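The values are calculated or read from the model by the stated rules, or taken from the named source; none is laboratory data. Since this is a predicted model, take the numbers as computed values, not measurements. Cβ sites come from the backbone with ideal geometry, for glycine too, and all protein chains shown count toward neighbours.
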Amino acid sequence: MSAPPQHHDAPPANKPLLAVAVVLLAIPVIALMLVGTYAKDAPRLGPFPFFIWYQLARVFLCSALTFTAHRLVLKARPHRPMNPEGTEFVGGDER
């Protein structure tokens, strides 16, 4: 019986980019915990109190921050395809 194939480790991650992604994901959580900053009626935007339009704006802001963090993680942890056995990387740039 042959020995199981040796699997290579994943390429190293870019830790500063991952740290930026963590900060981007933490911003909406921290902002949500600061209730006193948005639990108010004024300023109004048309008939809507501040709380309502702030929460609506948060939906778009959180979506943008999450998307940006996702793209940063993809860039920080590049995928290098391997052969089916997992013994070597496929394609050019061999390290």
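Close contacts from the stretch 12-29, counting a first residue that is part of a loop (DSSP other than H, G, I, E, B) and a second that is surrounded by 16 or more Cβ atoms within 10 Å (Cβ to Cβ), with Cβ to Cβ under 6 Å and a gap of 6+ residues or different chains, come to A13/A76; N14/A76. Looking at D93, is it more than 24 Å from A13 (Cα to Cα), at pLDDT below 90 and among the acidic types (D, E)? For D93, the condition - more than 24 Å from A13 (Cα to Cα), at pLDDT below 90 and among the acidic types (D, E) - is not met. If I filter the stretch 33-56 for residues that are hydrophobic (A, V, I, L, M, F, W, C) and under 23 Å from K15 (Cβ atoms), do I get at least one hit? Looking for residues that are hydrophobic (A, V, I, L, M, F, W, C) and under 23 Å from K15 (Cβ atoms), one finds none in the stretch 33-56, hence no.
Just one of (1) of a type in the set (S, T, N, Q); (2) over 22 Å from A31 (Cα atoms); (3) at pLDDT 95 or above fails for S63. It is (2). Scanning the stretch 69-79 for residues that are within 12 Å of L25 (Cβ to Cβ) and exposed (fewer than 14 other Cβ atoms within 10 Å of the Cβ) returns a single hit, H70.
Can you name the residue in the stretch 71-84 that is without any contact (Cβ under 8 Å) to a residue 12 or more places away in the chain and in a helix (DSSP H, G or I) and, of all such residues, is farthest from A13 (Cα to Cα)? Checking each candidate, the answer is R71. Looking only at the stretch 29-66, residues that are closer than 24 Å to L18 by Cβ, of a type in the set (S, T, Y) and surrounded by fewer than 12 Cβ atoms within 10 Å (Cβ to Cβ) come to 1 in all.
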